[in-house]
Each structure stands twice: as structure tokens, then as C-alpha cells.
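A short write-up of the structure that comes next.
What follows draws every value from the coordinates through simple rules; no lab data is involved. As the structure is a prediction and not an experimental result, all values here were calculated from the model. Neighbour counts are summed over all protein chains in view; Cβ atoms, including those assigned to glycine, are modelled from backbone coordinates with ideal geometry.
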Amino acid sequence: MRKLALCDEILLKIEKPARYIGNEVNSVMKNRQDVVVRFAMCFPDVYEIGMSHLGIQILYDMFNRFEDTWCERVYSPWPDLDSVMRERRIPLFALESQDPIKDFDFLGITIQYEMCYTNILQILDLSQIPLRAVERTWEHPIVIGGGPCSYNPEPIADFFDMFYIGEGETQYRALLDLYKTCREDGVSRVEFLAEAAKLPGMYVPQFYAVRYHEDGTIQTFEPTRPDIPKTVVKEIVRDVSDTYYPEKPVVPFIKCTQDRVVLEIQRGCIRGCRFCQAGQLYRPVRERSVEMLKQYALKMLDNTGHEEISLSSLSSSDYSQLEELVSFLIDKCREKKVNISLPSLRIDAFSLEVMEKVQDVRKSSLTFAPEAGSQRLRNVINKGLTEEVILKGAALAFEGGWNRVKLYFMLGLPTETEEDIRGIAELSNRIAETFYDTVPKEKRTGKVQIVASTSFFIPKPFTPFQWAAQCTKEQFL
Ligand code: SF4
């Protein structure tokens, strides 16, 4: 019988115990004695957020297709459980087996945003794994980082044995084989890491000397051993149709941020907004075949019982087979009474037509992301979106019956002036005027609602704006 790591007394006093008990539909159980490698896959945030992340579902499926490997999940405990675990010295455990993470072979941490850096330390600390890589021995798992923040690993390099730079589908098999051979041959941990550093996409910080300029930028970056590559090149999956994708995603017991089937239709984005890290990191654009997507959509809906399917990509309108895929899904989903959601669409006549069909006349709000208030600044950030296109899109939407528009802007962009900030209000007003110019009085179902929200620009590595200044605290205030 499966024994839970937390006793009933603890489970009954913490919030949402379902975050920690595992055993969800489609979670994978294996026999400990049948596997050679135990891999703990961690999203360093609360369960509801981590469970909504597609990348983890893809890698979880991939690892568990390997007969010799058991991949399990772990998320950040909420502060209520965190304090109980510290008080009673309960080590952090994986959801499936409920075994302590410290006994695993690998702890893979996906690092999606900088705000979770402190959660990574919490995960290591609760797992009773030494925080710094140099203090670890074969008694501890290999801690490997992945995800977008691993492209700029230096700020957190001390805490990781290695980083996997790029898409996980390509090199993990080779890494696990290397690990198995090294363990069988009694190779030291350091020598295993040195061999791992020779695999494409792997960065092992302890084999590089990094010197900094006074302003904190990197002056030199050199391997400390002759057999270690000088540069690390990101890994990408060339054929995204013939690769791993989960047919049976794990279905949580509790409501998560994304409670639906997610169909990733393509990777990469053809646009080149200068602030956008995803647009740069996930290049080149690679479409999944429409046949593959149709098959997976049906299988995933059958295997999960979800009532909604969402097409995911950085810019769905640019997927060349969108019309065929959406028509297929509309037919199938109508039969199954499943909703379709289509984020990241550009607002043009075709997209509105598609949205009309899939939204079943429920006119929720439309979203535009002009990012900057003036055309000058939109040109600076290369956001190929003119005021004319925005107003035309809004007019089409208003004619189609929508009367709520959400607008996303960024403040603090390079070269921004007072005029650009005022431009946000002016553009919002012009969109409102477009409503009254487009929709005759007798056809209006209420007032137009324009919601303009702003966030602050943060310069991101590998973007043309990586060296641009970020606003200071005083400027933000
Ligand atoms: S902001 Fe959107 S459209 Fe622009 S590059 Fe990034 S993903 Fe593509």
C-alpha cells in the first residue's frame, strides 16, 4: 500500500492537502526495483501553478516512457506546510512515491521566471540538499536547471550542478545513459559532471571561470579544463511533429491555473519584438503537423475528461494550418461539448471569424498588446502594430458584438518620454471613440469598456534590449 509522507494530522490542518498526496489521474507509478534512475521534476512554485505548466507535462511523459527511469513531480510547499516540515524535520518528497527528494538521482528544476529564485533555495533547503553545488557528493541528487532563466545562469550558478540550455526533448536520454555508465563504473561525481559538460546544451558552472567588469557585466568566460567546450549551444527539437508529447497529461484533483487540455501548435514566433525573451529564445519557428495535433487533441480529451482545449503558442495567428485545425476541433468539440480557447490571436477579420465560431457567441473581452502608447515607441520596440491596425481590429470586433477591450502596455521602455506615456491614455480614448463611431446607437448593448493595464519593462538576456536600463525603485514610485 502507498504510504503518504504526511500523516493525517498534518494533512487535516494544512490548506489544500491535495497539493501533496499525488495519485492524480494519469500520474505514473512504477516499481522502485524496476527502475535505475529516479528523476524528480520540480516546478518551484505552488502546485496549482506548477501543474499548469506544459513543459513539465512534456518532460514527465518523455522520462516515464523510458523503461529504466521513473520521473516524479515536486512543487513548492505553501508556507503553512513549509513551517510544519521545518519544525518536524520532514524532508521534501515527490508526489508519486512520496519518497524524499534527497534520495533521488536527479532533481530537475525548471526556472521560468526570476521571481522563483528564492523558491529554489526553499526546495533545496526543505529537501535537505546542500544549497551550494560544491558541497554535494554522490549522496545527493544531481541538481539540474532548465527553462528560460537557465540561458542566463550566472546569478544562480552556485546552486546548480548543471544547466540544460534549450529544449529538453533532445539530450536527456544521452545524459541518463552517461549517468548510468558512470555510476556502474564507480566514476567520481566531478568526472561525471565533466563528461556531462561535453554533451550538447549542458553547462556545468564549476568548469568555467567567469570574470566580471566593474559594472557587473562579464569580462571573460573560459573553461578551466582543456576538455570542456568553450561555448554552450542551445538545444532545439528540429522536428516538433515527430517527438514527445503527452497523450495522457496528469489531471489534478484541485482547480489549477490551467484546467484544460493544452495543445502546443508551434514553437517560436516569427515576430521580433525587441523586449521579448520568448521571441528570441525559442527561435526558429517550428510548426507541429496538423495531423499530429488532431490525433493528440482527441486522445488527450479522451484521457483526461477535460471540458476545454486550448491552443498554445506565442502567436497562434501565424500557424499556417490554423483554419483546418480549428474547423476540425469545432466539429469534434461540439460533439463532446468541449470549449475551445484560442489565446495569442491577432485581431483581424479571420481571427474574429474564428473566435465567433469557437466562443459560442459568448463575447468575452478582446485583448490587444500594443505595449507602447505612441507609434514612435512601438517602432523602437519593433512591435509591428500600427495605430491603424489596432483601430481597424477594434472596429471589426465592435461590429462583431464585442464591447470590452483589454490593452496591455509596458512602462519604462528604452527611450520612453512623457509623451509616450500620455499616448497610452490617448490610444485608449481613440479605441473608445471607435466604438461610438462604429456601432449605431440602437445596436449598442451597453457602454464600451476599455481596460488598459501596464507592467514595467525588465531587460531580458538574449534580447536586443538586454543592456537597456531598468527603471529604479524611485522611478517606479
Ligand atoms: S511579444 Fe509576442 S509577438 Fe512579439 S516576439 Fe514576443 S511572442 Fe512574438
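For region 260-362, what relative contact order do you get, as a whole percent, if you take Cα pairs closer than 8 Å and at least 6 residues apart?
Contact order relative to length: 29 percent.
Of I123, N429, F104, which is farthest along the charge dipole of the chain in the positive direction, counting Lys and Arg as +1 and Asp and Glu as -1 at C-beta?
The residue sitting farthest along the positive end of the dipole is N429.
Straight distance only, please: which lysines reach the Cα of K441 with their own Cα at less than 27 Å, same-chain residues fewer than 8 apart left out?
K357, K363, K392, K406
Mean separation of Cα pairs under 8 Å and 6+ residues apart, divided by the residue count of the chain: what relative contact order is that in percent?
11 percent
Can you give the Kirkwood hydrodynamic radius of region 229-335 from its Cα pairs, in Å with one decimal?
Details: mean 1/r = 0.0650 Å⁻¹.
Computed over region 229-335, the radius equals 15.4 Å.
Hey, what angle do you get for helix 387-399 against the long axis of the chain, alpha-carbon based, 0 to 90 degrees rounded to 10?
Around 80 degrees separate the two axes.
Restricting attention to region 219-281, which trypsin sites (Lys or Arg not before Pro) occupy a DSSP loop and are surrounded by at most 12 other Cβ atoms within 10 Å?
In loop regions of region 219-281 (DSSP not H, G, I, E or B), the sparsely surrounded trypsin sites (Lys or Arg not before Pro) are K230, R238, K255.
Within the chain, which cysteines find no other Cys whose Cβ is under 4.7 angstrom from their own?
Among the cysteines of the chain, those whose Cβ sits 4.7 Å or more from every other are C7, C42, C71, C116, C149, C182, C256, C269, C333, C471.
Excluding residues fewer than 8 places away in the same chain, name every one of the aspartates and glutamates whose C-alpha is closer than 16 Å to that of K248.
E24, D61, E72, E96, D259, E264, D302, E307, E308
Divide by every residue of the chain the summed helix terms, -39500 (n - 2.57) for each DSSP H run of at least 4, and state the resulting mean residue ellipticity at 222 nm, rounded to the nearest 500 deg cm²/dmol.
Mean residue ellipticity at 222 nm (helix-derived): -9500 deg cm²/dmol.
Excluding E48 itself, what net charge comes from residues whose Cβ is under 14 Å from its Cβ, given Lys and Arg +1 and Asp and Glu -1?
+1
Taking the 0 to 90 degree range and rounding to the nearest ten, how far is the long axis of helix 290-304 tilted relative to the main principal axis of the chain, both from C-alpha atoms?
70 degrees
Amide H to amide H under 5 Å from Y208: which residues, 5+ apart in sequence or cross-chain, H placed 1.01 Å off N in plane?
T224
Is the chain best put as rounded, prolate or oblate by its Cα gyration tensor, with a ≥ b ≥ c the root eigenvalues, rounded for a/c under 1.5, and otherwise prolate when a/b is larger than b/c, oblate when not? Working shown, then result.
Values: a/c = 1.87, a/b = 1.44, b/c = 1.30.
Since a/c reaches 1.5 and a/b is larger than b/c, the shape of the chain is classed as prolate.
Can you tell me the relative contact order of region 402-462? Whole percent, Cα pairs under 8 Å, sequence separation 6 or more. Write down the numbers at each step before the final one.
On the way: 51 pairs, mean separation 38.9, N = 61.
It comes to 64 percent, rounded to a whole number.
Eight or more residues apart or on different chains, and alpha-carbon atoms under 25 Å: count the Lys pairs in region 8-223 matching that. Let's see the in-between values first.
Working: K16/K102; K30/K102; K30/K180; K102/K180; K180/K198.
Step by step, the pairs that qualify in region 8-223 add up to 5.
How much of the DSSP beta bridge set in the chain is antiparallel, as a percent to the nearest 5?
Here the antiparallel bridges make up roughly 20 percent for the chain.
What does the C-alpha gyration tensor say about the overall shape of region 357-477? Classify as rounded when a/c is under 1.5, otherwise prolate if a/b is larger than b/c, or oblate.
Judged from the Cα gyration tensor, region 357-477 comes out prolate (a/c at least 1.5, a/b above b/c).
How do the peptides 391-403, 113-125 rank, highest first, by the average count of neighbouring beta carbon atoms within 10 Å per residue?
Details: 391-403: 18.6, 113-125: 16.5.
For the peptides 391-403, 113-125, the packing ranking is 391-403, 113-125.
Treating the angle as unsigned and between 0 and 90°, give the value, to the nearest 10°, between the Cα long axis of helix 418-438 and the longest Cα principal axis of the chain.
Once rounded, one gets 60 degrees.
Once you sort the root eigenvalues of the Cα gyration tensor of region 143-253 as a ≥ b ≥ c, which label holds: rounded (a/c under 1.5), prolate (a/b larger than b/c) or oblate (the other case)?
oblate
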